[in-house]
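Here is the structure we will look at, set down as structure tokens.
The values are calculated or read from the model by the stated rules, or taken from the named source; none is laboratory data. These numbers come from a predicted model, not from an experiment. No Cβ is skipped: glycine too gets one built from the backbone with ideal geometry, and neighbour counts run over all protein chains shown.
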Amino acid sequence: MRVVAALLLVLLGAGCPPSEPPPSPPVAKAVHAARLPASAQAAMTYQKSCAPCHGQGGQGDGPDAAKLATKPRAWASPGVQKSFTDEGLRDALGTLSHAAHQGQPALTDAQKAWAKDPALLDAMVQVVRGFGPPAPATK
């Protein structure tokens, strides 16, 4: 009988300290986002920070585009895509020239993140390239 009682105490967790509560959703969300691959982070960053001006499809027609003195680049335009090397696109996205183009005096939060994580900036270049025409097939 004592064995059964002891087994019940163990199974019911009697005498065990209470478990810690799970982290609050904002903390869990931030930790989860930090673990995402750079490509997923870049896609999320585009939707949050770039699409309001450049548009969901990279056409330069986002809801905030009309508020800007200079029309945002249409990343989906073959001419715009051809006008940038990948290195030139990295420079355009990650420097004060882009902030100045937006009429901002400083780097955006997204640009600050890219400066700290070159892989994220490289992934952002790929997001922008994804709006352009498909690359020609190689033989």
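Within region 23-129, which helices (runs of 4 or more DSSP H) (wholly inside it) include 3 or more residues that are modelled with pLDDT of 80 or more? Give the derivation first.
Details: elements: 25-34, 38-45, 51-54, 78-82, 86-94, 96-101, 109-116, 118-129.
Helices (runs of 4 or more DSSP H) meeting the threshold: 38-45, 51-54, 78-82, 86-94, 118-129.
Listed by first and then second residue, the pairs linking a residue in region 112-131 that is more than 16 Å from Gln56 (Cβ to Cβ) to a residue that is exposed (fewer than 15 other Cβ atoms within 10 Å of the Cβ) and among the hydrophobic types (A, V, I, L, M, F, W, C), with Cβ atoms under 8 Å apart and 6 or more places separating them unless they lie on different chains, are Leu121/Ala115.
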